[in-house]
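The values are calculated or read from the model by the stated rules, or taken from the named source; none is laboratory data. Nothing here was measured: the structure is a model prediction, and the numbers come from that model. Glycine gets a Cβ as well: all are built from the backbone with ideal geometry, and neighbour counts include every protein chain shown.
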Amino acid sequence: MNVATGADALNADTGVAAGVVSSEVPISMLLDLTLPISIELGRTSMTVQDILRLGRGSVIQLDRLAGEPIDVFVGDRRFAEGEVVLLGETFGVRITRILPRANAVEEIAA
């Protein structure tokens, strides 16, 4: 009986050990997937009465200070921090920090 060992035991296409059934999807199948990206400048809470009073020119104060990093979400997960930049006449976000995976997991639990 021949038993494959080491690198020979792995399927070259999937990287899964020979004879092992895997339910994992190859990463290449996910690369064309489109995900929503949201940028959060800050948050606040307001009463319905205050919201109904809002009109053109109203200012809503957020919980962030000017110059603080903004949050970049991919789906519902906080993924990175960045800063607002001007690209011609439109806004953009320059990524300044990709959050470690451990932070992302902690924030989901919170």
Legend entry - Output for the stretch 36-78, where each listed residue is within 25 Å of VAL93 (Cα to Cα), part of a loop (DSSP other than H, G, I, E, B) and among the hydroxyl-bearing types (Ser, Thr, Tyr): THR44, SER45, SER58
Inset, instruction - Kindly indicate whether THR34 is at pLDDT below 90 and among the hydroxyl-bearing types (Ser, Thr, Tyr). - result: no
Legend entry - Cross-chain or 6+ apart pairs with Cβ under 6 Å, the stretch 31-43 first and among the small types (Gly, Ala, Ser), then at pLDDT 90 or above and not in a loop (DSSP other than H, G, I, E, B): SER38/PHE73
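Answer yes or no as to whether VAL16 is modelled with pLDDT under 85, over 22 Å from ALA80 (Cβ atoms), among the β-branched types (Val, Ile, Thr) and touching a Ser or Thr at 6+ places or on another chain (Cβ under 6 Å).
Criteria met by VAL16.
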